[in-house]
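See below for the structure under consideration.
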Amino acid sequence: MAHEIMFRLGRETLDKELSKHVMELMNRDHLTWEEFRRVCALLDKLGYPDLIRIVIARASESEDPDIAEVVEDYGNL
């Protein structure tokens, strides 16, 4: 549902806000695999491969096998 609302925003607004929020999220400590997966899924649906690469770069730093699975799933976009 949230992605439907985001589609209604202008692309310029969406670009600016998504970039800002993704960077804030990536600066947090102790992100869960669910957070990584949900962010990647949303960015994929909205068509932001550059932001997915930022998320994957951060996820790649983790030794958590569940996070490694997110990297495998979205690392080639």
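Taken together, the values in this text are just the output of simple stated rules run on the coordinates, not laboratory data. Everything quoted here is computed from the prediction, not taken from an experiment. Neighbour counts are summed over all protein chains in view; Cβ atoms, including those assigned to glycine, are modelled from backbone coordinates with ideal geometry.
Here is a yes/no grid of residues against (1) more than 20 Å from residue 77 (Cα to Cα); (2) part of a helix (DSSP H, G or I); (3) in contact (Cβ under 8 Å) with a residue 24 or more places away in the chain:
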{"site": "13", "(1), (2), (3)": "yes, yes, no"}
{"site": "17", "(1), (2), (3)": "yes, yes, no"}
{"site": "38", "(1), (2), (3)": "no, yes, no"}
{"site": "43", "(1), (2), (3)": "no, yes, yes"}
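How many of the residues making up the range 32-41 are touching a Leu at 6+ places or on another chain (Cβ under 9 Å) and crowded, with 18+ Cβ neighbours inside 10 Å?
Number satisfying all stated conditions: 2.
Would you pick out the residues in the range 59-77 that are among the hydrophobic types (A, V, I, L, M, F, W, C) and not in a helix (DSSP H, G or I)? Please lay out each step first, then the result.
In the first step, residues of the range 59-77 are kept if they are among the hydrophobic types (A, V, I, L, M, F, W, C); the result is 59, 67-68, 70-71, 77.
77 - this is the single residue of the range 59-77 that is among the hydrophobic types (A, V, I, L, M, F, W, C) and not in a helix (DSSP H, G or I).
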